[in-house]
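*Asks:* Structure below; questions to follow.
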Amino acid sequence: MTKREKEILELIRANPMISQLECAEKLGISRSAAAGHIMNLISKGYIAGKGYILNEEPYAVVIGGSNIDILGTPLASLIERDSNPGTVTLSPGGVGRNIAENLARMGSRVKLLTVLGDDLYGEKLLDSCRNAGIDTNHIKTSSRFGTSVYLSILDGEGDMISAVSDMQLIDELNRDYLESKKSIINGASLLILDANLSEPVLKYLAENYGSVKDIFVDTVSTAKAGKVTDLLRYIHTIKPNILEAEVLSALSLKSGSSPEEIADKLLLSGLKRVYLSLGIDGILYKDSATSRIFKREYIEPVNTTGAGDAFTAALAHAYLNDFSIDKTLAFASAASQLTILSRDTINKDITAEKIEMMIKEGFNE
Ligand SMILES: Nc1ncnc2c1ncn2[C@@H]1O[C@H](COP(=O)(O)OP(=O)(O)OP(=O)(O)O)[C@@H](O)[C@H]1O
Ligand SMILES: O=c1[nH]cc([C@@H]2O[C@H](CO)[C@@H](O)[C@H]2O)c(=O)[nH]1
């Protein structure tokens, strides 16, 4: 398929009833040229029939941050305010990008809307996304700031001690860019956002798409979760950990609220489904009719970074494939477990089949 045919196919995918003239105008070519490309797409079998109805799977659109993760792990217990011998590794990261990569590796179709710097890290991230099977055609590259970086120090157990995220570039993921991707977003079966996005962008997406699309949100961190507090009514599914849920609900365990009460308060806002992640204690799920606690056996983590992102991706895969709530809980928890067994933020071996196997046989086999 030529680049031009690809562009036309994207337009038709987003709007199967689009006319030749509209295609031509959007691409700045003549109507007859557009007609020629469409004929080629028909003869190559990409267009199934009149009306341009395509035979294709539904897809998710992920809109969020991409980072290079630099993870330092000391060989012995960390000595603060000192230089610790250990290992330093680089891996592709960023919550939105991680969700997209996990989702693609699970076998779902996914298009990523993110922004990368015009530098080596940006190229590395673009490659990693392509290799994972993400549709990268709509990613923005900007030379205004460098590619975002996340720097984290882990303890001997693979748990994060502290981290700094440098993500100024996310401001380039702005309303103008998203307006230009309207047709891609409109064609999505599911919209997944992360709280790396700026407050105005989150508001714009929630207000414009919340009533026509199911929106999943990953709250990222306690520092960023607060950006979606006033948008909960537009959100279908959210997966905060307990600290992020405290920010969202303005309740706290310390002042006597239980995780159930915190989840209930979030549901009162109009949100449909809450997966409250409790770390090694598992997950509390709540919707207006159901409440469940789900916990798998404890496993010794290698690196817990990215466990939550794999969980959100698995929720999305389950949604796109109509899993029951029970199956969703088992699937998403097993996806997190596979992730914490990997040294990198993403377990490159993650597939839906591997996750199913983990559910049946446990992690030893
Ligand atoms: N050591 C462990 N053993 C078994 N399951 C675990 C373990 N750690 C995490 N999990 C599973 O992974 C899920 C998500 O983990 P966790 O609560 O650490 O992520 P999070 O805080 O939501 O996200 P993030 O990765 O962004 O910090 C948990 O709900 C649990 O099901
Ligand atoms: O503020 C942020 N901190 C951390 C991340 C990313 O979280 C991932 C782990 O869950 C990791 O890849 C990091 O880049 C982010 O996107 N924004």
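The values are calculated or read from the model by the stated rules, or taken from the named source; none is laboratory data. Nothing here was measured: the structure is a model prediction, and the numbers come from that model. Neighbour counts are summed over all protein chains in view; Cβ atoms, including those assigned to glycine, are modelled from backbone coordinates with ideal geometry. Side chains are part of the model used for accessible areas, which takes the heavy atoms of the whole protein and leaves out ligands, DNA and RNA. Shrake-Rupley method; radii C 1.70, N 1.55, O 1.52, S 1.80 Å.
*Asks:* With viscosity set to 1.306 mPa s at 10 °C, what whole-number translational diffusion coefficient in µm²/s follows for the chain from Stokes-Einstein and a Kirkwood radius over Cα pairs?
*Replies:* Values: Rh = 21.5 Å.
D, rounded to a whole number, is 74 µm²/s.
*Asks:* Okay, moving on. Using a cut-off of 12 Å between beta-carbons, work out the net charge of the residues near Thr89 (Lys and Arg +1, Asp and Glu -1, Thr89 not included).
*Replies:* Details: positive: Arg343; negative: Asp69, Asp344.
Summing Lys and Arg as +1 and Asp and Glu as -1 gives -1.
*Asks:* Could you give the length gained by full extension between Asp281 and Leu90, i.e. 0.36 nm per residue of separation minus their alpha carbon distance, to one decimal place? The partial results should precede the final answer.
*Replies:* Working: separation 191, 0.36 × 191 = 68.76 nm, distance 2.93 nm.
Result for the pair: 65.8 nm of gain on full extension.
*Asks:* Which distance in nm do the two modelled labels at Ser211 and Asn15 give, with both placed 7 Å along the Cα-to-Cβ direction?
*Replies:* 2.1 nm
*Asks:* Would you please give the residues with an amide H less than 5 Å from that of Gly86, counting only those at least 5 places away or on a separate chain, with H modeled from the backbone geometry?
*Replies:* Leu75
*Asks:* Among the lysines, which fall within straight-line cross-link reach of Lys295, defined as a Cα-Cα distance under 20 Å, with same-chain neighbours fewer than 8 residues apart omitted?
*Replies:* Lys295 reaches Lys239, Lys286, Lys327, Lys354, Lys360.
*Asks:* Moving on. Any idea of Leu9's accessible area? Nearest 10 Å², probe 1.4 Å.
*Replies:* Approximately 10 Å² of Leu9 is accessible to the 1.4 Å probe.
*Asks:* If the elastic network links every pair of Cα atoms under 10 Å, which of Asp69, Asp194, Asp326 fluctuates the most in the Gaussian network model of the chain?
*Replies:* Between Asp69, Asp194, Asp326, it is Asp326 that shows the largest mean-square fluctuation.
*Asks:* I would also like to ask the following. If the cut-off is a Cα-Cα distance under 19 Å, which lysines reach Lys182, setting aside same-chain residues fewer than 8 apart in sequence?
*Replies:* Lys6, Lys26, Lys111, Lys140, Lys203, Lys213
*Asks:* How big is the range 241-365 along each principal axis, measuring the range of its Cα positions in Å and listing the largest first?
*Replies:* 41, 30, 20
*Asks:* In percent, what relative contact order does the range 59-361 have, based on Cα pairs under 8 Å that are 6 or more apart in sequence?
*Replies:* So the answer I get is 18 percent.
*Asks:* What does the convex hull of the Cα atoms of the range 131-236 come to per residue, in Å³, rounded to a whole number? Don't skip to the end; give the middle numbers.
*Replies:* Numbers: hull volume 15.5 nm³, N = 106.
Considering the Cα atoms of the range 131-236, their hull volume per residue is 146 Å³.
*Asks:* Now for a different question. Mind giving me the FRET efficiency for Glu80 and Glu57? R0 is 41 Å, r the Cβ-Cβ distance, nearest 0.05 is fine.
*Replies:* Values: r = 50 Å, r/R0 = 1.21.
With R0 = 41 Å, the Cβ-Cβ based efficiency is 0.25.
*Asks:* Return the calculated 222 nm mean residue ellipticity for the chain, to the nearest 500 deg cm²/dmol, obtained by summing -39500 (n - 2.57) across DSSP H runs with n ≥ 4 and dividing by the residue count. All intermediate terms of the calculation are to be shown ahead of the outcome.
*Replies:* Values: 14 runs with 142 residues, N = 365.
Per the formula, -11500 deg cm²/dmol.
*Asks:* For the range 108-184, with all protein chains present and a 1.4 Å probe, just round the carbon and sulfur fraction of the accessible area to a whole percent. Mind showing how you got there, number by number?
*Replies:* On the way: 1730 of 3850 Å².
C and S fraction of accessible area: 45 percent.
*Asks:* With everything on Cα atoms, drop me the angle between helix 120-132 and the longest principal axis of the chain, reported from 0 to 90° to the nearest 10.
*Replies:* Between the helix axis and the principal axis of the chain, the angle is about 80 degrees.
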